[in-house]
Every structure is written in structure tokens, then in C-alpha cells.
Amino acid sequence: MLRCTGCGARIPGEQARSNFRCEECGDLFEVVYPWSEAWGDGLAAGFRPNAGALRHLWAERRTSTMAVDQSGVWRFRDLLPIVTEEQVVTLREGNTPLYDLPKCAKAVGLNWLLAKHQGMNPTGSFKDTGMTAALSVAVARGFEWVACASTGNTSAAMAAYAARAGLRSMVLIPEGKIAWGKLSQSMDYGSTTIQLKTDFDGCVKVLTEIVGRAPVYLLNSVNPYRLEGQKTPAFEMLEQMDWQVPHHLIVPGGNLANCSALGKGFAEMKHLGFIKRVPKISVIQAEGANPLYRWLQAGGEGEFEPVVADTRASAIRIGNPASWKKAVRILRETGGTCEQATEQEIALAKAEIGAEGIGCEPASAVTFAGLKKLVAKGFVGPEETAVLLLTGHTLKDSEYTMLYHRGELLTPAEMAGATLEERAQHAQMRREPVVLEPSADAVLKMLDAAMPAVQTA
Ligand code: F0G
């Protein structure tokens, strides 16, 4: 069933309107099951899962040769029974690594820092885990066309999964405002790719009208089935930490759906008795696209004011986030907070994650930039375990990386707020490519000159 997160109205999934907004109050839905806390009579009704048996089953499925078992989303299908196994469209998403970041941990003064790298999914972003779920529902409902408005990653994921399912897909993206890697993916996977002369928020408006007028299935994150897939990295994280719960999970915020998806995942684990507490989930926004941060700073009450968004972290260049209420609920329920990061701070954080041999796209790096502030404020303690959710692969936006290392990314105005220490860090991080004559002498001379940097790195 779908339950309205505003007024609590419950409807069967098939009855949802094309824009996935409640007919009564206009709010967004979440998927609930007879065993869900929000179902009302909780565990009393229907299936009561056996946590121990499920843990074993989920781990065992990874060794199976079946596609649904090899997927890091569908091996948890007992907790997202939204389609039949035959209806599942999968690219073997999920099962992403949980890395430790020793250099970043040291730099920020934590004993231990981890990164759940959702950029290691088939199309290079966390969107795949949600797309496999919602696109499978589109297939089950018999749709021929699917569509999304996107800052790039959703469109790449939708295009890929639609192609696998044999559905037609249409992408609406803001012209000139998404990274090339992402745009090229949607073309490569055969989507009808339309660049609108507006921003992401303008694309959402146009698409909402289209799905009201044509039989096109909306795959933006207002679609509650997306979040069922996007909750599964919470399960994986717990598995990977041997069912120890991290103290903090730090998530980038754009349209603000992912933090609530992960919050739902952890809340379900607690409700079903897998864990005893949930991590504090905190959201980091880019300073130029920070409506949630502003609203909370102003007291967290009343009218939510959208902003005109502008940040080089193009994935989160969103001024009017659809899921802001869901995000606020998760921050409040888990005891998390919201921070913002400047362009300069994001660029430095991205370079530091790159220097761990891992890398991520700029929108993911806001997590580390924000964590530095949370540690400085004492919100994250040195003994506590924090996990950064890295949402996209570094190759998604290689132009950003190239410009940064050539020293051409940040304007003097963007650098103006940098501390002396940050300026020194930038200088140490930058690895500008050099052009040399083809001689060993020239290369060795260059290596000599680079030695101090190598030693201090
Ligand atoms: N990180 C990346 C790499 C993203 O692509 C997005 C969102 C986010 C973070 C923010 O997640 O919206 O759930 O708060 N990208 C969307 C898109 C909007 O169209 O690809 P959120």
C-alpha cells in the first residue's frame, strides 16, 4: 500500500495519481507493508520476519547464479515485495564497497571514517538502486513510456534500465547544466534526450504536466518505489559493518529523497529487530543550492522558501526540493543535522577523496566538506564512526576534476573565503599534468622536483 506522509491516507499502489501526490493533501507517499510501523497495527499483522534467518538468506543469495539474487537490491526483496521476481529489471546493481578513508579521517581528526560508494553501481551513481525498483513497477503496470527530469544521474540510470526492459524513455534535462558524462550516457542507452532552456526545477514543472496529459510513467524520486530500492544500501552497510550501527551517516542533499530512503531503511531494520538504534542522518547542501539549510537556520517552521540554485556540483543544483518534508522528518527522527559547503570547500574535499584512490563526483564530496564542519562543531566526536555516502563516480564529471587540477576551476571570488590552511591544502592537492620532451632525463628531473610533494603527500 501507499501511505501519504502528510495526512496518513492509505491507497493501493495502482491508484496513485501520475504525479505521485496525495489527492487529499498534496503530500508525497511512502510504501508500507503489513509489517511496517506506519501500517498501524505493526508487526501483529501478516508476515513477521525472522531477522536471523533473513541475514543468512541475504548473504547466501550473493553466491547464487540468479540475477535477482546477484542484485544488491533484490537479494533483500523480502523487505520490498513490490513486484514479482519475473517483473524485476536488474543490471546487478548494489553490492557496492564500503571503503575506509584513513587520510581523510586523520585530516578531520576522526579515528575511523568510512565511505559507502554508490558511484560503484552499473551506471555510476546511487540512482541505479532506486531505478531498478521503480522501473520494475513501470513494467508491472504495463507502461510503454517512462520519463524523468534530471540533473544527469537519474536520466542515465533510467535510460539504462528502460533499455534493458525494452521500454521507451524520455529525459528532460536543464540545457548546458549537466556533466557531459551523464548526458552521453542517456544518449548511449538510447533515450529520447531533451534539453530544456531552464533549470532542473523548470524541467520538473514541465514533466509534471506531461505525465498528467500522456500515459508516461514518472520516474523522479517523488515515485515512492524509487525509495524502496534506495533504502537497501542501509541494509548493506549494516551487513558490511557486521551489524554494528555507525553513529553518523552523512548524505548529500539535492531533491532530498535519498536521505529519507536511507532513513526508512534503517528505521525498518530497527523496527524488525535487526538493530537497536539508528545512525544520526545528516544532510549537506552546496551553499548555492541550500534551501533546506536556510529553512532550518531560520527556525525550521513555516513556509519553505525555494532558492535559485547555482553550484558547480551540478547534480545537486536544485532550488525547490520535492522531498524536503520527508528529509526534515528523517533529520528530526534520527537526531541528524544540516550543513552547507562552499564551492572551494567542495573542491578541496573532492580532491582529498580522490587522493584516497577512490574519488567521487563533486556532489558526493559535499559530505566530507560538511563532515569537517560537524567535527569542528563537536556534533561528530573523534571516537564516533561516520559513514559518508558517496553518490556518484569520479568519471561522471571529469571536466570538473581537470579544471581543478589545472587551477582553472575556482574563481578568485570563490577562493576569497578560503583560510590560509585551505589554500595550502589546495596547493598540495593539485596535480597539474605536465608536457615534457620524450627523454628519461627530462622525466627524472621532473620526478626529482616532485619528490618533496610526494614525500609530504
Ligand atoms: N548526489 C548525486 C551524484 C546526485 O545525482 C543527486 C541527485 C544527489 C546527490 C542528491 O540526491 O536528490 O535524493 O537529495 N540527482 C538527481 C538527478 C536530482 O536527477 O540525477 P537527492
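Would you say VAL108 is among the β-branched types (Val, Ile, Thr) and without any contact (Cβ under 8 Å) to a residue 60 or more places away in the chain? No, not satisfied. If you filter the stretch 79-126 down to residues that are in a helix (DSSP H, G or I) and open to solvent by 40 Å² or more (accessible area, probe 1.4 Å), you find that the one that is nearest to SER150 (Cα to Cα) is MET120. Is it fair to say LYS177 is in contact with a helix residue (DSSP H, G or I) (Cβ under 8 Å, 6 or more places away or on another chain) and outside any helix (DSSP H, G or I)? Spelling it out, LYS177 is indeed in contact with a helix residue (DSSP H, G or I) (Cβ under 8 Å, 6 or more places away or on another chain) and outside any helix (DSSP H, G or I). Tallying residues that are in a helix (DSSP H, G or I) and within 14 Å of the ligand (Cβ to nearest atom) within the stretch 154-174 yields 8. If you go through the stretch 118-153 and keep only what is away from the ligand (no atom under 14 Å from the Cβ) and within 12 Å of HIS393 (Cα to Cα), you end up with just PRO122. For the stretch 149-166, residues that are open to solvent by 30 Å² or more (accessible area, probe 1.4 Å) and in contact (Cβ under 8 Å) with a residue 12 or more places away in the chain total 3.
The condition (being surrounded by fewer than 21 Cβ atoms within 10 Å (Cβ to Cβ) and either modelled with pLDDT under 95 or of a type in the set (Val, Ile, Thr) (or both)) is satisfied by just one residue among ILE318, ILE275: ILE275. Filtered by the rule that a residue be β-branched (Val, Ile, Thr) and away from the ligand (no atom under 13 Å from the Cβ), the stretch 204-237 gives VAL206, THR208, ILE210, VAL211, VAL216, THR232. Can you work out which of the residues in the stretch 398-419 that are open to solvent by 20 Å² or more (accessible area, probe 1.4 Å) and in a loop (DSSP other than H, G, I, E, B) is nearest to the ligand (Cβ to nearest atom)? Restricting to residues being open to solvent by 20 Å² or more (accessible area, probe 1.4 Å) and in a loop (DSSP other than H, G, I, E, B), the top hit is LEU410.
Pairing residues of the stretch 49-68 that are in a helix (DSSP H, G or I) with residues that are hydroxyl-bearing (Ser, Thr, Tyr), at Cβ distances under 8 Å and at least 6 apart in sequence or on separate chains, gives ALA67/THR90; VAL68/THR90. In the set (1) within 13 Å of the ligand (Cβ to nearest atom); (2) among the charged types (D, E, K, R); (3) not in a helix (DSSP H, G or I), ASP201 fails one condition alone, (3). Within the stretch 431-457, the set of residues being modelled with pLDDT of 95 or more and touching a Lys or Arg at 6+ places or on another chain (Cβ under 8 Å) is empty. Could you check, for the stretch 136-148, whether at least one of its residues is open to solvent by less than 30 Å² (accessible area, probe 1.4 Å) and assigned to a loop (DSSP other than H, G, I, E, B)? No, because not a single residue in the stretch 136-148 is open to solvent by less than 30 Å² (accessible area, probe 1.4 Å) and assigned to a loop (DSSP other than H, G, I, E, B). Of the listed requirements (1) of a type in the set (S, T, N, Q); (2) in contact with a strand residue (DSSP E or B) (Cβ under 7 Å, 6 or more places away or on another chain); (3) more than 22 Å from ALA105 (Cβ to Cβ); (4) surrounded by fewer than 24 Cβ atoms within 10 Å (Cβ to Cβ), SER323 misses just one: (4).
Kindly check whether there is at least one residue in the stretch 230-253 that is open to solvent by 10 Å² or more (accessible area, probe 1.4 Å) and among the acidic types (Asp, Glu). Yes: one or more hits.
Applying the set (1) in a helix (DSSP H, G or I); (2) at pLDDT 95 or above; (3) away from the ligand (no atom under 16 Å from the Cβ); (4) among the small types (Gly, Ala, Ser) to GLY381 leaves exactly one unmet item: (1). Taking (1) out of contact with any His (no Cβ under 6 Å at 6 or more places or on another chain); (2) closer than 19 Å to CYS360 by Cβ; (3) open to solvent by less than 80 Å² (accessible area, probe 1.4 Å); (4) not polar (S, T, N, Q) in turn, LEU395 satisfies each apart from (3). Only a single criterion out of (1) touching a residue at least 60 places away in the same chain (Cβ under 8 Å); (2) of a type in the set (Lys, Arg); (3) away from the ligand (no atom under 15 Å from the Cβ) is not satisfied by ARG294, namely (1). A count restricted to the stretch 96-117 and to residues that are more than 16 Å from the ligand (Cβ to nearest atom), touching a Lys or Arg at 6+ places or on another chain (Cβ under 7 Å) and within 23 Å of ALA67 (Cα to Cα) stands at 1.
The values are calculated or read from the model by the stated rules, or taken from the named source; none is laboratory data. These figures come from a predicted structure and were not determined experimentally. A quick note on method: Cβ atoms are made from the backbone with ideal geometry, for glycine too, and the neighbour counts reach across all protein chains shown. Heads up: the accessible areas ignore ligands, DNA and RNA and are worked out on the full protein's heavy atoms, side chains in. Shrake-Rupley method; radii C 1.70, N 1.55, O 1.52, S 1.80 Å.
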